[in-house]
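See structure below.
The values are calculated or read from the model by the stated rules, or taken from the named source; none is laboratory data. All values reported here derive from a predicted model rather than from experimental measurement. As a convention, Cβ positions derive from the backbone with ideal geometry for all residues, glycine included, and neighbour counts pool all protein chains shown.
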Amino acid sequence: MNGASIDTQAFDEVQLGERFRVEPPPGNTLVVGDTVEVTRSQGGMNVVPTVDISADGPPPVERLLDEMIARCERNVREHPEDIRSRLNLALALANRGRRSEAIEELKHVLELTPDDFVALNALASAHLNAGNLDEAAKFYRRIAAIFPKNSTAYMGLASLALRGGNFIGAAQHLETAISIDPRLVNGHVLLAMVQLKLNKPRQAVSILREGLRENARSAELNHALAIVYLVAGDLRRAEKSFRTALYLNPGLSAAVHGLALLLLSQKRIEDVISLLSKRLVLVPNDISSRELLAHAFLVSKDFKKARAHLKHLVDESAGAVLSGQDAARINNNIAYCYAMEAKYGEAEEHLLLSLKIYPGFAPQPYENLVRVYLAVGRTREALKTIDRGLDIFRDSIGLRELRAFSLTLLKRYNDAIEELRKLVQRENAPASAYADLGWLLTEWDEDYDSAIAVLRAALDRWSDNPKILNNLAYAHLMRGESGAARLVLELLPKGFGPEPYSVATQGFLKIAEGQIAEGESDYNFAEGLAARAGNRDLALAIRQKKFLEVSREHLRQGRFDEASDALRKGSEIEQNSQPYPFAAQLKSLLATVCAEHGK
């Protein structure tokens, strides 16, 4: 027996992703300190500088800055030629994010004192944060010419190189900055990350150890060292460095998140829950910690607790503002929790909200909503949702497979076959698409030659795929080739199963070889497996198929009474929603037997 590979209960969580953030230490605001993110991809680890040009803080900080700006403006009005007053006003405006005003004030200061270090550096930084990179470079080069023994300009030039993707140039500027100031934590951290980007983890470790000799109690250097060890695959040292960073600075959020991700990768769920629960007691509005904690509860299948943490983010946001992408992801994951508890109404509500907030976020909310609709029998709404998703995610394999399955449920078999034919023409077509196409060609088109050709082509890529092997054996059995079917089934990987489909196919083979009692036993076992898995409709379909093949074997052996009895028993089985033709085939064959033999 065979069937669709789609699991309508395979709801998807959209995870936050393995993203390790390396931040500069707090300190001299005149020294540029870029943040970089280290991410894991198929090609390994990637190091990407992130540009955060927002200087806005939480409302209390904003109020303080506004008060400071007001005081500075009064001082400038009272003393218009006082350089220090204008410089203080410019710095306050820059910190408040009012960069264009800050730039104008700084220009005025430099008209009065052209070589003022603070003004030059503040102006270069303001241009950098405003995205005026050429202007920033001009002023950093000017600072380097006037103050060659100051590391600040070289840190700024390194930042510009990073933003332009020039990692070798960034390394050169950072090396100069460190040679000037060996205690420069920012320089060591960024240079180590650049070496990672250049695929030189040993040099990165050496740079950070050199930095730790000058700054033994730097949490940021220990955190960066943890990232380097992580990239190198030394998880033991990575964990030790993360924990050292947190011992030195318990509030270092990037280290908390990094350690949590490391523990998650090792399936140490209880350790993750303990770490993040303690973190949230201290910092309840830490969005990443709360979302990672929710994921840990999802892994442990505690959907109620996971849902509570996720709902906290969207209902209260703990004083934080979520981006549209974050809100869409979190609502999808709340729906995932509800769906896994079979609370489909609540799941639908949050999935529709996810799609409303950010329709182009990801295909998973569409796929999850489709599965919700399929779970409650709303197949036409599922198909409409698929088509909405495909308008945005045209290359989504998941949506394409769900479309073929939905078309099958709606008895649009030719359309489903055409959908899968297009899908298997892609280079990245999954094994499941071949398996399903082979099934539809066998079961509904009765084109056994094409089915066998498709499935044999799939075996060239997936030689031990149980679904493909099962469906190929089934196609051979439907073509009356029990010997070929047996050879195929012998290729099933050792230790596979038992699965309802493969056990039923084994039963079909035994019946085709004349072992009716043994075949019926396998079918009964397969039916029990499906029932225990909660798939009642599949269990009924397996029972129908059993009586169908038993009756066919009796007919081949000329036992018309036994065939009629099996057909009547099969025809009395209640209808089910599984996409199989067995009920119609039983009734048609029974009518033929009765007409020809009066049974």
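When Leu298, Leu322 are checked against the criterion of being assigned to a helix (DSSP H, G or I) and surrounded by fewer than 23 Cβ atoms within 10 Å (Cβ to Cβ), Leu298 stands alone in meeting it.
Cβ separations smaller than 7 Å between residues 6+ apart or across chains give the following pairs from segment 129-144 residues that are within 16 Å of Ser100 (Cα to Cα) to residues that are of a type in the set (D, E, K, R): Asn129/Arg99; Ala130/Arg99; Leu133/Arg163.
Within segment 426-435, one or more residues are surrounded by fewer than 19 Cβ atoms within 10 Å (Cβ to Cβ), assigned to a helix (DSSP H, G or I) and either modelled with pLDDT of 95 or more or under 35 Å from the mean Cα position of the chain (by Cα) (or both).
Each row is one residue, and each column tells you yes or no for (1) within 26 Å of Leu157 (Cβ to Cβ); (2) free of Cβ contacts under 8 Å to residues at least 24 places away in the same chain.
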position	(1), (2)
Arg71	no, yes
Asn75	no, yes
Leu91	yes, no
Lys107	yes, yes
His127	yes, no
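When segment 260-276 is filtered for residues that are farther than 18 Å from Ala245 by Cα and either of a type in the set (Lys, Arg) or at pLDDT below 95 (or both), the ones remaining, listed by number, are Leu264, Ser265, Gln266, Lys267, Arg268.
Can we say Leu162 is modelled with pLDDT under 95 and not assigned by TED's automatic domain parsing to the domain that holds Ala145? When the stated conditions are applied, Leu162 does not pass them. The condition (being out of contact with any Gly (no Cβ under 8 Å at 6 or more places or on another chain), outside the structural domain of Lys546 (by TED's automatic domain parsing) and within 18 Å of Ser5 (Cα to Cα)) is satisfied by just one residue among Leu487, Leu459: Leu459. Of the residues that make up segment 375-390, is at least one aliphatic (A, V, I, L, M), in contact (Cβ under 8 Å) with a residue 40 or more places away in the chain and either part of a helix (DSSP H, G or I) or surrounded by 22 or more Cβ atoms within 10 Å (Cβ to Cβ) (or both)? Taking every residue of segment 375-390 in turn, at least one turns out to be aliphatic (A, V, I, L, M), in contact (Cβ under 8 Å) with a residue 40 or more places away in the chain and either part of a helix (DSSP H, G or I) or surrounded by 22 or more Cβ atoms within 10 Å (Cβ to Cβ) (or both). Screening Arg559 with (1) farther than 19 Å from Ala531 by Cα; (2) among the basic types (Lys, Arg); (3) crowded, with 18+ Cβ neighbours inside 10 Å gives one miss only, at (3).
Go through the residues of segment 169-181 one by one and say whether even a single one is in contact (Cβ under 8 Å) with a residue 40 or more places away in the chain, crowded, with 21+ Cβ neighbours inside 10 Å and farther than 27 Å from Leu110 by Cα. No, the conditions are met nowhere in segment 169-181. Please enumerate the residues belonging to segment 130-153 that are out of contact with any Leu (no Cβ under 8 Å at 6 or more places or on another chain) and outside any helix (DSSP H, G or I). Result: Gly131, Asn132, Phe147, Pro148, Lys149, Asn150.
Is it true that Leu262 is surrounded by 19 or more Cβ atoms within 10 Å (Cβ to Cβ) and assigned by TED's automatic domain parsing to the domain that holds Val194? Considered against the rule, which asks whether it is surrounded by 19 or more Cβ atoms within 10 Å (Cβ to Cβ) and assigned by TED's automatic domain parsing to the domain that holds Val194, Leu262 comes out as no. Being acidic (Asp, Glu) and buried (at least 17 other Cβ atoms within 10 Å of the Cβ): is that true of Glu418 here? Considered against the rule, which asks whether it is acidic (Asp, Glu) and buried (at least 17 other Cβ atoms within 10 Å of the Cβ), Glu418 comes out as no.
Condition test on Arg400, is it part of a helix (DSSP H, G or I), within 22 Å of the chain's Cα centre (by Cα), within 21 Å of Ser450 (Cβ to Cβ) and not assigned by TED's automatic domain parsing to the domain that holds Ile334? Judged against the criteria, Arg400 is a match. Suppose we filter Ile511, Ile417, Ile452 for residues that are touching a His at 6+ places or on another chain (Cβ under 8 Å) and either at pLDDT 95 or above or closer than 25 Å to Arg552 by Cβ (or both); which single one remains? Testing whether each residue is touching a His at 6+ places or on another chain (Cβ under 8 Å) and either at pLDDT 95 or above or closer than 25 Å to Arg552 by Cβ (or both) leaves just Ile452. If you check Arg237 against the conditions, is it over 20 Å from Ser288 (Cβ atoms), in contact with a Phe, Trp or Tyr (Cβ under 7 Å, 6 or more places away or on another chain) and either of a type in the set (D, E, K, R) or not assigned by TED's automatic domain parsing to the domain that holds Lys197 (or both)? Yes, satisfied. If you go through segment 405-414 and pick out every residue that is without any contact (Cβ under 8 Å) to a residue 40 or more places away in the chain, in a helix (DSSP H, G or I) and surrounded by 15 or more Cβ atoms within 10 Å (Cβ to Cβ), you end up with 3. Selection of segment 451-485 for residues being assigned to a helix (DSSP H, G or I), surrounded by fewer than 17 Cβ atoms within 10 Å (Cβ to Cβ) and touching a helix residue (DSSP H, G or I) at 6+ places or on another chain (Cβ under 8 Å) yields Arg456, Ala457, Ala484. From Glu549, Glu553, grab the single residue that is touching a residue at least 40 places away in the same chain (Cβ under 8 Å) and buried (at least 23 other Cβ atoms within 10 Å of the Cβ). Residue meeting the stated conditions: Glu549.
Here is a check on your reading of the model: is Ala245 touching a Lys or Arg at 6+ places or on another chain (Cβ under 7 Å) and outside the structural domain of His312 (by TED's automatic domain parsing)? No, not satisfied.
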